[in-house]
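Below is the structure I would like to discuss, written out as structure tokens.
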Amino acid sequence: AEPAVHRRVVGTIVLKLHRRRAFAEVCFAAVRREEQARGVGRTLMQAALAHVRALGMLHVLTYADDGAVNFFAKHGFSLDHHAGMPINRFHWGIHHFNGSQLMQAVLRADGPGVVRPRAPAPGEEAAI
């Protein structure tokens, strides 16, 4: 007899698709503490963003927990994305919670990856 294989969930990302408004929301993202810093979150996020792109959507939003802002920033999410959506396109559909920051990523239309956010020029307002 072969030894039993024990499997367990090490992480997850839950997406909510807003097809009529052409964006996706990361509703939940978590990686087991003992699995963090091993590339699990990166692999999950890359797969989630590829899935969103395959569906023809280029905008992804999330309310990132204050402790996860750096994780999302590493994956191209920004508090003030220069190519982001105007707030009237999504404010009705996503929910803020205390201790979180609204972040937005814009996927490249011409292939894998994200449009990296840039800082607004002096006197220019951020477009979110």
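Among what's in segment 48-61 and is open to solvent by 60 Å² or more (accessible area, probe 1.4 Å) and assigned to a helix (DSSP H, G or I), pick the residue that is nearest to Gly111 (Cα to Cα).
Ala54
Condition first: more than 25 Å from Leu102 (Cβ to Cβ) and surrounded by 13 or more Cβ atoms within 10 Å (Cβ to Cβ). Now tell me which residues in segment 5-31 satisfy that.
Result: Val10, single match.
Which numbered condition trips up Ala73, out of (1) buried (at least 17 other Cβ atoms within 10 Å of the Cβ); (2) outside any loop (DSSP other than H, G, I, E, B); (3) of a type outside the set (Asp, Glu)?
All conditions pass for Ala73, except number (1).
Also: Please tell me if Gly111 is touching a residue at least 60 places away in the same chain (Cβ under 8 Å) and either assigned to a strand (DSSP E or B) or over 14 Å from the mean Cα position of the chain (by Cα) (or both).
For Gly111, the condition - touching a residue at least 60 places away in the same chain (Cβ under 8 Å) and either assigned to a strand (DSSP E or B) or over 14 Å from the mean Cα position of the chain (by Cα) (or both) - is not met.
Which one of His95, His59 is out of contact with any helix residue (DSSP H, G or I) (no Cβ under 9 Å at 6 or more places or on another chain), within 19 Å of Phe23 (Cβ to Cβ) and either at pLDDT below 90 or not aromatic (Phe, Trp, Tyr) (or both)?
One residue alone meets the criteria, His95.
Can I ask one more? Every residue in segment 90-105 that is open to solvent by less than 70 Å² (accessible area, probe 1.4 Å) and either under 19 Å from Pro117 (Cα atoms) or not polar (S, T, N, Q) (or both), please.
Within segment 90-105, Phe90, Gly93, Ile94, Gly99, Leu102, Met103, Gln104, Ala105 qualify.
The values are calculated or read from the model by the stated rules, or taken from the named source; none is laboratory data. The structure presented is a predicted model; accordingly, all values stated were derived computationally and were not measured. As a convention, Cβ positions derive from the backbone with ideal geometry for all residues, glycine included, and neighbour counts pool all protein chains shown. Heavy atoms of the whole protein, side chains included, go into the accessibility calculation; ligands, DNA and RNA do not. Shrake-Rupley method; radii C 1.70, N 1.55, O 1.52, S 1.80 Å.
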